[in-house]
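Below: the structure, in structure tokens.
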Amino acid sequence: MTPILSPTDLASLSTMPNFIVVDARNSADPKKVFEDGHLEGAVFVDPNLELADIKENLAEGGRHPLPEVEEFCKVLGKLGIGPDSHVVVYDDQKGANSAARFWWMLRALGHSKIQVLEGGIQAAIAVNFPLKKGESSNNPVEPYPASEWALPIASLEEVAQKAENPDFTVIDVRSAERYRGEQEPIDLIAGHIPGAINIPLTENMDDQGRFLSKDILHQKYSPLLKDHDRVIVHCGSGVSACHTLLAMDYAGLAIPALYVGSWSEWSRNNMPIGKSNQP
């Protein structure tokens with residue numbers, strides 16, 4: 001199953017049994033945004049409360065550390081998602097935000113029937129998919145039966161050890177301006193992890209915000225993923241990096257390690273800071 005779903009295909013799938021659409025839009029008040037209007041039949045997930053376990057001290061895991069597997073499995077059960085569910089998730093950032101994070105988390109539990117709606121809610125609206133207001137109409141099931149994250153995850157210590165090792169590749173998917181340290185709109189310090197290379201996630205998409213073809217993405221990333229066990233991908237807080245992991249999977253490539261803490265953790269732990277062009 002391709003990890004990307006065209007909005008024109010959504011309607012034909014929405015009446016199938018075990019089909020669940022998840023609204024993962026992030027905002028200051030995501031529940032209100034959902035209740036003000038969502039794709040018909042969608043269930044609501046809170047990206048900050050249910051897709052992360054945010055600590056008071058952001059140096060501990062960054063801005064969006066992963067929740068415990070057990071807690072996420074409870075969230076999935078509340079949403080009605082079980083091992084047989086065909087899940088489609090969307091956000092309003094063309095899939096580059098919490099939709100990709102939700103995709104990665106479900107894949108990391110071993111769930112294969114999970115797709116991201118290409119172009120997000122805007123693309124579904126553009127093809128006249130119906131909207132609905134009000135609360136999420138969940139049909140809860142038992143917590144999802146999983147006990148560990150099955151996809152590779154890198155720690156701060158591992159990144160520090162490998163970033164400047166020529167045998168490993170650390171990919172920073174933030175904008176070139178943030179990577180070079182010219183601006184930092186979110187975290188406390190501008191710059192990048194020394195040794196990391198910069199491939200902005202926007203390079204996964206065309207001018208309309210749609211994914212490039214599988215062949216183009218394969219050509220782009222396959223030289224870096226000859227040994228995917230030696231690749232680590234990060235962003236600002238472990239959310240938008242999942243968009244690049246999604247692009248790699250869409251291209252038919254193995255999914256490398258995610259550094260969940262990302263720049264938000266690294267920059268708060270007195271780690272070395274790079275402020276230059278590509279190393």
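The values are calculated or read from the model by the stated rules, or taken from the named source; none is laboratory data. As the structure is a prediction and not an experimental result, all values here were calculated from the model. For neighbour counting, all protein chains shown are included, and Cβ atoms are generated from backbone atoms with ideal geometry for every residue, glycine included.
Residues that are outside any loop (DSSP other than H, G, I, E, B), touching a helix residue (DSSP H, G or I) at 6+ places or on another chain (Cβ under 7 Å) and of a type in the set (A, V, I, L, M) were ranked within segment 10-65; the one that is surrounded by the most Cβ atoms within 10 Å (Cβ to Cβ) is V22. Considering every residue within segment 146-168, establish whether at least one is without any contact (Cβ under 8 Å) to a residue 40 or more places away in the chain and more than 20 Å from I232 (Cα to Cα). Within segment 146-168 (the criterion being without any contact (Cβ under 8 Å) to a residue 40 or more places away in the chain and more than 20 Å from I232 (Cα to Cα)), the answer is no, since none of the residues qualifies. Would you be able to say whether some residue in segment 137-149 is surrounded by fewer than 16 Cβ atoms within 10 Å (Cβ to Cβ), modelled with pLDDT under 95, farther than 30 Å from F19 by Cα and not assigned by TED's automatic domain parsing to the domain that holds W104? Checked segment 137-149: no residue is surrounded by fewer than 16 Cβ atoms within 10 Å (Cβ to Cβ), modelled with pLDDT under 95, farther than 30 Å from F19 by Cα and not assigned by TED's automatic domain parsing to the domain that holds W104. Only one entry in I232, I171 is farther than 25 Å from G120 by Cα and buried (at least 21 other Cβ atoms within 10 Å of the Cβ), namely I232.
For every residue, the table says whether it meets (1) charged (D, E, K, R); (2) within 17 Å of A160 (Cα to Cα); (3) not in a loop (DSSP other than H, G, I, E, B).
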| position | (1), (2), (3) |
| --- | --- |
| T202 | no, no, yes |
| D215 | yes, no, yes |
| L224 | no, no, no |
| D229 | yes, yes, yes |
| A254 | no, no, no |
| S264 | no, yes, yes |
| P272 | no, yes, no |
| S276 | no, no, no |
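Counting only helices (runs of 4 or more DSSP H) that sit completely within segment 88-175, those holding 2 or more residues that are more than 15 Å from L10 (Cβ to Cβ) correspond to 98-107, 156-162.
Looking only at segment 186-206, how many residues end up being more than 26 Å from E118 (Cβ to Cβ) and surrounded by fewer than 16 Cβ atoms within 10 Å (Cβ to Cβ)?
Here is the first cut: in segment 186-206, the ones more than 26 Å from E118 (Cβ to Cβ) are 187-197.
So of that shortlist, the ones also surrounded by fewer than 16 Cβ atoms within 10 Å (Cβ to Cβ) come out as 188-189, 197.
Residues in segment 186-206 being more than 26 Å from E118 (Cβ to Cβ) and surrounded by fewer than 16 Cβ atoms within 10 Å (Cβ to Cβ): 3 in total.
Residues in segment 72-87 that are assigned to a helix (DSSP H, G or I) and either out of contact with any helix residue (DSSP H, G or I) (no Cβ under 8 Å at 6 or more places or on another chain) or not assigned by TED's automatic domain parsing to the domain that holds W104 (or both): C73, K74, G77, K78, L79.
For segment 1-42, taking the residues that are among the charged types (D, E, K, R) and touching a Pro at 6+ places or on another chain (Cβ under 9 Å), the one that is farthest from Q208 (Cα to Cα) is identified as E40.
K162 meets all of the listed conditions (1) of a type in the set (K, R); (2) farther than 22 Å from A196 by Cβ; (3) outside the structural domain of L49 (by TED's automatic domain parsing) but one, namely (2). Candidates in segment 66-91 are the residues that are farther than 24 Å from A124 by Cβ and without any contact (Cβ under 8 Å) to a residue 60 or more places away in the chain; of these, the one that is surrounded by the fewest Cβ atoms within 10 Å (Cβ to Cβ) is E68. Based on this model, can you work out whether D36 counts as assigned by TED's automatic domain parsing to the domain that holds E118, at pLDDT 95 or above, over 22 Å from S240 (Cα atoms) and not hydroxyl-bearing (S, T, Y)? Criteria met by D36. Within segment 67-95, the set of residues being in contact with a strand residue (DSSP E or B) (Cβ under 8 Å, 6 or more places away or on another chain) and small (G, A, S) comprises G80, S85, G95.
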